[in-house]
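The values are calculated or read from the model by the stated rules, or taken from the named source; none is laboratory data. From a predicted model like this one, the values you see are computed outputs, not experimental measurements. Note that each Cβ is placed from the backbone with ideal geometry, even for glycine, and that neighbours are counted across all protein chains shown.
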Amino acid sequence: MSAVPLMQMVSGEVQLNVSHAPRASAQAVIYFGGNAEDVSASLPQLAAAFPQAAVYALHYRGYGGSQGQPSEAALFADGLALHAAVAQKHAQIIVIGRSLGSGVAVYVASRRAVQRVVLVTPYSSIADVAAAQFPWIPVRWLLKDPFDSVQHVANVKAPVRIVAAQRDEVIPAWSTQKLFEAIPAALRSQHVMTGAGHNDLSQFPEYAKLLNQP
């Protein structure tokens, strides 16, 4: 892990680590990363993209020194716990979720007040994507962690911006579009990054600007 400031918090009985770029500001950014992402490595880019805000990046259970085992229920509970901790210090919260973390971001924003939401390479649901990849298996019956963002996004009251990758080899374009269409028209916007793939879009110069674009 990178040598960046860490904040420790408790969710349920589990201790979690949060990489933290502290700033005395009314605004904060909460970041939920992709599967197995070292969010401490993402912190400098996020801090540069939001020079006016404090940044908090959650290390999921089992990663980055955080205790416990990850699951949909656990990640959702941890996301709410982090929001509660951040809301004690900051009046305005922007929630960002990348890939797997987009589902956590949508869930948190559907249940807590946020200023806006940014979803990077998001999906409609993991069940949707898995069922399309394995049509001969009853995935929807077997999958314990569906991460159904379409279900939750209808309850989000803040503006939602989607940043998609043109060459996304993990999340099909139809899945991202299904999520986009589930967001109320007055709240949604989308940008597809030309030439970008699922894992390399953060290396493109325009990526940071898109994160902090209203």
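Descriptive notes on the structure:
- Residues (at pLDDT 85 or above, closer than 18 Å to Phe180 by Cβ and assigned to a helix (DSSP H, G or I)) located in the stretch 105-145: Ala105, Val106, Tyr107, Ala109, Ser110, Ile126
- Meets criteria (of a type outside the set (D, E, K, R), farther than 26 Å from Leu201 by Cβ, in a loop (DSSP other than H, G, I, E, B) and in contact (Cβ under 8 Å) with a residue 60 or more places away in the chain) for Gly34: no
- Filter result (among the polar types (S, T, N, Q), farther than 17 Å from Leu100 by Cβ and in contact with a strand residue (DSSP E or B) (Cβ under 8 Å, 6 or more places away or on another chain)) within the stretch 41-83: Gln52, Gln67
- Of the residues making up the stretch 171-203, those that are part of a loop (DSSP other than H, G, I, E, B) and either in contact with a Pro (Cβ under 8 Å, 6 or more places away or on another chain) or surrounded by 15 or more Cβ atoms within 10 Å (Cβ to Cβ) (or both) are Ile171, Pro172, Ile183, His198, Asn199.
- Per-region count, the stretch 146-159, residues crowded, with 22+ Cβ neighbours inside 10 Å, among the hydrophobic types (A, V, I, L, M, F, W, C) and at pLDDT 95 or above: 2
- Of the numbered criteria (1) surrounded by 19 or more Cβ atoms within 10 Å (Cβ to Cβ); (2) over 23 Å from Tyr107 (Cβ atoms), the one Ile162 fails is (2).
- The lone exception for Gly68 - which of (1) under 16 Å from the mean Cα position of the chain (by Cα); (2) farther than 20 Å from Val114 by Cα; (3) of a type outside the set (Phe, Trp, Tyr); (4) surrounded by 14 or more Cβ atoms within 10 Å (Cβ to Cβ) it fails: (1)
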